[in-house]
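Have a look at the structure that comes next, please.
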Amino acid sequence: MDPTPGNRDGTRRFDPRNLERPDPSLLKYYGLVSLMSGPMFPFVFIPLYCKFVTLRYRIEDEGIAMSYGVLFRREVYLTYQRIQDIHLTRNFVQRWMGLATLAIQTASGSAMPEMSIEGIQEADQLRDFLYAKMRGVRGDSALGEDAASRVGVQVDAEQRALQLLAEIRDALRQCAAAKEQN
Amino acid sequence: MEPARERTTAWLYKGLWAALVKWFRVPATPPELPHGPAEHVERLQLSRGWLDYVKFKFWVALFVVDVLLIAAWFCLIWFVPWLGILITPLALAVIVVPDVLAYIAIHLRYDSTWYVLSDRAMRLRRGIWFLRETTISYDNIQNVRVLQGPLERHFGISNVIVETAGGGGGTGKEAAMMSMHMGLLEGVSDAQGVRDRILERVQQCRGAGLGERRDRMREPVQATLASPAAVLLLEEIAEAAQKLRQQI
């Protein structure tokens, strides 16, 4: 996998588990986005700045959490097993800065993504990390073996039942034979 | 003359791509999907039929719009000659430039759209300015639809839409392009084959696509005593028991 643009030192291995804060370039991106709104700049930039300052990610064994907000705080927690769609979007400004938006979807009814991870320079690696953990990817290799072992268990149980029946039959026959002799 | 012109166009187009790749960081290679060594990975692009279909729509729209624009311009020349002649460069620009841009955009879209299908998941990429890559695993797919309009049928292409659980958006092609719960494989020439391949892999996943764990899905195994061997043994047991009772 080639290093993502903007990944300055290619030698450093990206470990998603250490991910906590977004990259500082996200603030620059937010600044550019706010500039596009012209005279509304402060009204757009201040909430985005607050979001950037308070944005925290937490990557755990079973799920991923994201929280931000100064006055109104929100925290989203998703379990990897429930992830069903991963959308990676990049507009050309984000590509220039090496950023991306990683939108994660579960099976909820909302049309908006449940979690939008922004400000990650190694978005491709993070996506592959999530892809490896999302449902339908991890357990599938065991599917064939699973089916086979199930059939195996069934055959075993059948054999055991027949064996027990044979033992009962033999015991009864011995009883009858013993009775006859008496 | 024909080949020379084609070569020049191809050369210019390649230059445009190189500029996009260099300055706008448009990825030059198809998307990668992590996969196992034995896994079969299929890479699809928009079919030739899609190109013909979109170009046909382009020429029709171009004809209608340009006829209207030229008519308006001629009217202006007829009634206010000095103004009509003065805006000649502007009028020509308005008539020609959008057509050229739209024509280039069609080809860029044709070359930048990728559908990568592995044995476990699919990754769909589209877009130049706003690049979007969707990853959906087969385990999560709820249904697969194939849409085809009359014009698309004429050009031999269809749209395959893959849906996962969750709401939002409509059911059409445009909704699928924007929805977060759908994947759109647009302009596929072998839609039946693609659909069958997707469905085959979906059917191999036995979950309901809602995050069941495999170990929890395993049901307790019960042995039935309906096999011929079991019935024979049971008959023998009954016979032995009968005999024993008679003796008592």
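The values are calculated or read from the model by the stated rules, or taken from the named source; none is laboratory data. Since the structure is predicted, the reported quantities are computational estimates derived from the model, not experimental observations. Counting neighbours? That spans all protein chains shown, and the Cβs are built from the backbone with ideal geometry, glycine included. Just the protein is used for accessible areas: all its heavy atoms, side chains included, with ligands, DNA and RNA removed. Shrake-Rupley method; radii C 1.70, N 1.55, O 1.52, S 1.80 Å.
Am I reading the B/A interface right? What is its buried accessible area, both sides, 1.4 Å probe, to the nearest 100 Å²?
5100
Next up: Which chymotrypsin sites (Phe, Trp or Tyr not before Pro) from segment A:21-109 combine a DSSP loop assignment with at most 14 other Cβ atoms within 10 Å?
Within segment A:21-109, the qualifying chymotrypsin sites (Phe, Trp or Tyr not before Pro) (loop, at most 14 other Cβ atoms within 10 Å) are A:PHE72.
On average, how much accessible surface per residue is there in segment B:1-113, in Å², for a 1.4 Å probe, leaving out ligands, DNA and RNA?
About 69 Å² of surface per residue is accessible.
Relative to the longest principal axis of the C-alpha atoms of chain B, give the angle of the C-alpha long axis of helix B:2-23, reported between 0 and 90° and rounded to the nearest 10°.
Approximately 70 degrees, to the nearest 10.
Let me ask another. When all protein chains stay in place, what accessible area (Å², nearest 10, 1.4 Å probe) is found for B:VAL202?
30
Another question about this same structure. Considering only B:GLY127, B:GLY156, B:GLY36, give the residue with the highest GNM mean-square fluctuation for chain B, with springs between Cα atoms whenever their separation is below 10 Å.
B:GLY36
What's the local net charge at B:ILE106, with K and R +1, D and E -1, over the other residues with C-beta under 15 Å away?
Overall, the nearby charge balance is +1.
So, in Å, what gap is there between the alpha-carbon centers of segment B:19-40 and segment B:42-65?
Taking the Cα centre of each part, segment B:19-40 and segment B:42-65 sit 24 Å apart.
Still on this structure: Per residue, how much accessible area does segment B:144-196 show when a 1.4 Å probe rolls over the protein heavy atoms, in square angstrom?
Solvent-accessible surface per residue comes out at 40 Å².
Counting heavy atoms of the protein chains only and a 1.4 Å probe, report the per residue accessible area for segment A:16-145 as a whole number of Å².
Computed with neighbouring chains in place, this is 45 Å² per residue.
Output the 0 to 90 degree angle, nearest 10, between the alpha-carbon long axis of helix B:228-247 and the longest principal axis computed from the alpha carbons of chain B.
Orientation of helix B:228-247: about 20 degrees from the principal axis.
Here's another thing I want to ask about it. Have a look at B:ILE87, B:ILE237, B:ILE77 and tell me which one the Gaussian network model of chain B (Cα, springs below 10 Å) gives the largest fluctuation.
Of the options given, B:ILE237 has the highest mean-square fluctuation.
Right, next: Tally Lys/Arg at +1 and Asp/Glu at -1 over every other residue whose Cβ is under 12 Å from the Cβ of A:ARG21; what's the total?
Overall, the nearby charge balance is -1.
Quick one: net charge around A:SER110, please, counting Lys, Arg +1 and Asp, Glu -1 for every other residue with C-beta under 15 Å from its C-beta.
Once all neighbours under 15 Å are counted, the net charge is 0.
Excluding residues fewer than 8 places away in the same chain, name every one of the lysines whose C-alpha is closer than 16 Å to that of B:LYS243.
Output for B:LYS243: A:LYS179.
Can you tell me the 0 to 90 degree angle between the C-alpha axis of helix B:191-204 and the longest principal axis of chain B, rounded to 10?
The helix B:191-204 is inclined about 30 degrees to chain B.
Right, another one. In terms of Cα to Cα distance under 16 Å, which lysines are near enough to B:LYS22, apart from those fewer than 8 places away along the same chain?
Correct list for B:LYS22: B:LYS14.
Could I ask something else about it? Would you compute, from DSSP H runs of 4+ residues alone, the mean residue ellipticity of the protein assembly as shown at 222 nm, taking -39500 (n - 2.57) per run and dividing by the full residue count, rounded to the nearest 500?
So the calculated ellipticity at 222 nm is -16500 deg cm²/dmol.
Considering only protein heavy atoms and a probe of 1.4 Å, how much of the accessible area of the protein assembly as shown is carbon and sulfur, as a whole percent?
Accessible surface attributable to carbon and sulfur in the protein assembly as shown totals 63 percent.
In addition: Count neighbours as other Cβ atoms within 10 Å of each site's Cβ, and list the trypsin sites (Lys or Arg not before Pro) in segment A:51-103 that are DSSP loop with at most 15 such neighbours.
Taking segment A:51-103 and a limit of 15 other Cβ atoms within 10 Å, the loop trypsin sites (Lys or Arg not before Pro) found are A:ARG73.
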